1. Give me the net charge for the shell around Ser41: Cβ to Cβ below 15 angstrom, other residues only, Lys and Arg +1, Asp and Glu -1.
2. Roughly what would the spin-label model give for Ser140 and Asp3, points 7 Å off Cα along C-beta, in nm?
3. Once fully extended, how much extra length lies between Trp192 and Ile43, figured as 0.36 nm per residue of separation less the alpha-carbon to alpha-carbon distance?
4. Keeping every protein chain in place, order Tyr130, Tyr101, Tyr53, Tyr189 by accessible area at 1.4 Å, biggest value first, i.e. largest first.
5. What whole-number value in Å² describes the accessible area per residue of the stretch 26-117 for a 1.4 Å probe?
6. Go through the stretch 82-96 residue by residue and turn each phi into a ³J(HN,Hα) via Karplus (6.51, -1.76, 1.60, θ = phi - 60°); whole Hz please, and just put x for glycine and proline.
7. Subtracting the Cα-Cα distance from 0.36 nm times the residue separation, let me have the gained length for Asn88 to Leu185 in nm, one decimal.
8. Kindly identify the stretch 1-114 as rounded, prolate or oblate by the Cα gyration tensor criterion: order the square roots of the eigenvalues as a ≥ b ≥ c, call it rounded if a/c is under 1.5, otherwise compare a/b with b/c, prolate if a/b is larger, else oblate.
Amino acid sequence: MSDIKFISLIFQLVAGLMPLAVLFFGNRKFSFEFTLYLTLSIISTFIILITNYFKIQNAIVFDGFQISSIILLSLFYFRNIQSKMLSNVVIILGLFSLLSYSIELICLGYPQKSLVIENVSFIIGPILFYIDSIVSNQTSSTLVLVNTSIFFYKSFSFLLFYFLVTLMLSNFWHIHNFIEGSSKLLIAYALWKLPKTAHS
């Protein structure tokens, strides 16, 4: 593994730990689905780091996290978008992403177009959240920042996954790792803005 790829994975891992550290040590509480998403992200990044180091096949880890993230982010948006119509659109997009991902895994053995579909779905999700926030005028700055982080990450991922084969062959996958790590730092900042949980 190249030095830059290893450094990018370490950065991705450390940055990914920051939101969970803020929640745990800062006595903050946030969406269960999103917290689980962050936790699985850390676990998968750690396993990928280890398997890359020992040159072990880790596609199942990547695929498992992608499927989990589709489910968890769909539920996160479903519960945080006030409009019934828009929240149902998010669930439909999530189901379509999950179905396309599953079909490609079964038929091809690896995701291809479904990665693009998944990213487009979760670019639309944050846009719907922005629309809902403007219409309802009832959302927290933390949710807006978390939403912005997801929008930022998925927009860049859309471009990266669209050129997935070229990136992998050219060893430019570290770009994805730095982008994801940066989005996690923004999430950590957003969660830090939450009020501390009172303990009885």
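The values are calculated or read from the model by the stated rules, or taken from the named source; none is laboratory data. Not measured: the values here are computed from a predicted model. Cβ atoms come from the backbone with ideal geometry, glycine included; neighbour counts cover every protein chain shown. Calculation scope for accessible area: heavy atoms of the full protein, side chains included, ligands and nucleic acids excluded. Shrake-Rupley method; radii C 1.70, N 1.55, O 1.52, S 1.80 Å.
1. -2
2. Taking the two extended label points, one gets 4.3 nm.
3. Taking 0.36 nm per residue and subtracting the Cα distance, the gain is 51.5 nm.
4. Descending order: Tyr53, Tyr189, Tyr130, Tyr101.
5. Each residue of the stretch 26-117 exposes 54 Å² on average to a 1.4 Å probe.
6. Per residue, the Karplus-derived 3J(HN,Hα) values read 6, 5, 4, 5, 5, 5, 5, 4, 4, 5, 4, 4, x, 5, 5 Hz.
7. So the chain would gain 32.0 nm between Asn88 and Leu185.
8. oblate
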